[in-house]
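Working notes, beginning with the structure itself.
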Ligand code: SF4
């Protein structure tokens, strides 16, 4: 007789704004269905295809279940015991001969969860290692908001229904945040104006009332043009700015020195469009959702700072229906993410800037005194996601011993010496939160058993700690560990099972108008930025420009059906390039062309997006090497703040293959 379907709770471990809560159904020992939990106020019963695909990935035929060791260029299956022995011996040797920082660990957010990140705790006990600074994702914008507001906060999603207008600035929630998109549809029905600001038309701009299309990398100039217009028209409440904004008069002087004609020419936006946007800003409460693409330029941090300044000066901060939302970092005050005090053991830490991976590793792999001898990769696929992949791969290969922890043989795993298989989220008990938007702390119960207990990183690193004779390493069960993490919230796992915990202390971000900055105000003028060698005020410095050989800018936004490279493995065929009519030239839809930049070339198929101007093309991020990955072309420069890789300052040309 068939066993009954059982409903369990879990949440999505993908690196997404929404952190959906799932209802998971099982028949016997097999997961049969994932749906959105309808009681969670963010999820409201809706999830996207990536969330449902956790099941496909769980039962995928290509999933790794045994550690793989590369021998003479071929993979050989080994046992977990052998893998632990090899890693343990290497780690001991490198630490005693070169110091613990000779091990470089690169992690990302490919799988969320506090216990999925246990390797960080392990490496602290190891003595401290080399870790990354900066970001492939959101670094410039994060740093910008730290300067301006002292932190990154977002209002409750439902608060957009109190707005008079909603601005999607460089953000396409149709692809990246389905719950925001669903609210936009509801807001539109209520008569709330929707405005998209994006150099290309996208699914969200198509449902918007207004679409403003600035030239790529000029979002800061556009925000300045609107602020300047408001100042020139006497539409700024100077009593308000005096009370809440540090540096208004300095910024006003700076904008007086910029001509409107210059700003319009840079942005390619008309004065009418600037005036219309300024009227919206001045009249009503406006919520703005910032995307991460617009800060992937050498001037990306200043773009976010200029937008923050515009929303602050126009009074669109700290009130219902208004705000400028980039992320929502609500957990650090509330959770103890290092409950056994591992940090004090990490005495030999050092770091490298992600954008400078090539330079750093080329230098340090052969360093006599303090070399990089090993690389550990977890929850990440850097040989797919790093810029300038030709050089990144060569640098990666130079390092003596490389280990990757993953569910699949990824573009990174294939360049490693040892690959350790890990659990799918559904096989692992954990707690999870996101810093992107959803404010919830959710408990993930283990839904099914993994093929091997040590595929769960928590237990793997406990065993490794035993091999390494780390006496103080927390050899406690998961529940004990989790309860210590959540102790400051005054809750137990049982509480989390019964109720989703909203970690945010306020429905409206910054509603007390108290900011954790030096002045306690919004800092349009930031002493912190100045101390770090940057302009204290947001400034407009044009980003890189096209060259004669490479006249077209390439951007790589997010695809709806994949989180970076994770869900692309199913795609067959070749990667897709989208171009406007001018760049389709004599090609037919689907023709294979060669796309070349200063850093390399790939083949891809060409497709028409009629809305694109001739100086811009795009490919979605995440295509695997086998398809033609755009990061073989991308520029490994950095934003001016936050160490963000400036991927979007890549210029290409298109030719016949
Ligand atoms: S990827 Fe995002 S929207 Fe999709 S299920 Fe996961 S958390 Fe929800």
Seminar exercise, completed: Taking a label point 7 Å from the Cα of residue 7 along Cα-to-Cβ, the residues of the stretch 28-70 whose backbone nitrogen sits under 13 Å from it are 34-40, 45
Exercise. In terms of the Cα gyration tensor, with a ≥ b ≥ c the square roots of its eigenvalues, is the stretch 552-656 rounded because a/c is under 1.5, prolate because a/b exceeds b/c, or oblate?
Worked result: oblate
For this session: With an 8 Å cut-off on Cα pairs and a minimum separation of 6 or more residues, tell me the relative contact order of the stretch 552-656 in percent.
Result: 38
Exercise. Could you put 351, 23, 308 in order, starting from the residue whose Cβ has the fewest other Cβ atoms within 10 Å?
Worked result: 351, 23, 308
Problem set entry | FRET efficiency, residue 561 to residue 249 (Cβ-Cβ, R0 41 Å, nearest 0.05) | 0.25
Exercise. In nm, what is the difference between 0.36 nm times the number of residues separating residue 77 and residue 49 and their Cα-Cα distance?
Worked result: 6.8 nm
Exercise. What fraction of the Cα pairs in the chain, stated in percent, has a spacing above 43 angstrom?
Worked result: 23
For this session: With label points built 7 Å along Cα→Cβ from the Cα atoms of residue 570 and residue 70, find their separation and express it in nm.
Result: 2.9
For this session: Project the alpha carbons of the stretch 371-424 onto their principal axes and report the range along each, largest first, in whole Å.
Result: 31, 23, 14
Exercise. How much length is gained on full extension from residue 206 to residue 545, taking 0.36 nm per residue of separation minus their Cα-Cα distance?
Worked result: 119.2 nm
Seminar exercise, completed: Expressed in nanometres to one decimal, the distance between label points 7 Å along Cα→Cβ at residue 494 and residue 476 is 1.8
Exercise. Label-point separation (nm) for residue 589 and residue 41, each offset 7 Å from Cα along Cα-to-Cβ?
Worked result: 4.5
For this session: Enter the Cα centre distance for the pair the stretch 1-68 and the stretch 460-483, rounded to the nearest angstrom.
Result: 28
For this session: Rounded, prolate or oblate: pick one for the stretch 279-356, where a ≥ b ≥ c are the square roots of the eigenvalues of its C-alpha gyration tensor, a/c under 1.5 means rounded, and failing that, prolate if a/b is larger than b/c, else oblate.
Result: oblate
Seminar exercise, completed: Here the FRET efficiency for residue 29 versus residue 158, based on Cβ atoms and R0 = 56 Å and rounded to 0.05, is 0.90
For this session: Per DSSP H run of at least 4 residues, take -39500 (n - 2.57); add these up for the chain, divide by its residues and hand me the 222 nm value, nearest 500 deg cm²/dmol.
Result: -8000 deg cm²/dmol
Exercise. How far is the Cα center of the stretch 605-657 from the Cα center of the stretch 570-584, in Å?
Worked result: 11
Seminar exercise, completed: Inter-part gap, Cα centre of the stretch 371-392 to Cα centre of the stretch 296-350, in whole angstrom, is 26
Seminar exercise, completed: Mean separation of Cα contacts under 8 Å (at least 6 apart) over the residue count of the stretch 1-107, i.e. the relative contact order in percent, is 13
Exercise. If R0 is 60 Å, what FRET efficiency do you get for residue 351 and residue 237 from their C-beta distance, rounded to 0.05?
Worked result: 0.90
Problem set entry | Helix 300-313 vs. the chain, principal-axis angle (Cα, 0 to 90°, nearest 10) | 50
Exercise. Taking a ≥ b ≥ c as the square roots of the eigenvalues of the Cα gyration tensor of the stretch 139-326, is the shape rounded (a/c under 1.5), prolate (a/b larger than b/c) or oblate?
Worked result: rounded
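Would you mind ranking 335, 454, 389 by Cβ crowding within 10 Å, fewest neighbours first? Spell out each step's value before the answer.
On the way: 335 19, 454 23, 389 26.
Ranking 335, 454, 389 by Cβ neighbours within 10 Å, fewest first, gives 335, 454, 389.
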Seminar exercise, completed: Nearest 10, in degrees from 0 to 90: the angle of helix 139-149 to the longest Cα principal axis of the chain is 60
Exercise. Which angle from 0 to 90°, rounded to the nearest 10, does the C-alpha axis of helix 389-398 make with the longest principal axis of the chain?
Worked result: 30
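Multiplying the sequence separation of residue 624 and residue 414 by 0.36 nm and subtracting their Cα-Cα distance, what value in nm do you get?
Numbers: separation 210, 0.36 × 210 = 75.60 nm, distance 1.20 nm.
Value of the extension gain: 74.4 nm.
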For this session: Restricting to the chain, compute how many DSSP beta bridges are antiparallel as a %, nearest 5.
Result: 45
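Sorting 153, 329 on the 10 Å Cβ count, fewest up front, what's the list?
329, 153
Read-outs throughout are calculated quantities, based only on the coordinates presented, and are distinct from any laboratory measurement. This one's a predicted model, so the numbers in the text were calculated from it and none came from an experiment. Ideal geometry is used to build each Cβ from the backbone, glycine not excepted, and the neighbour counts take in all protein chains shown.
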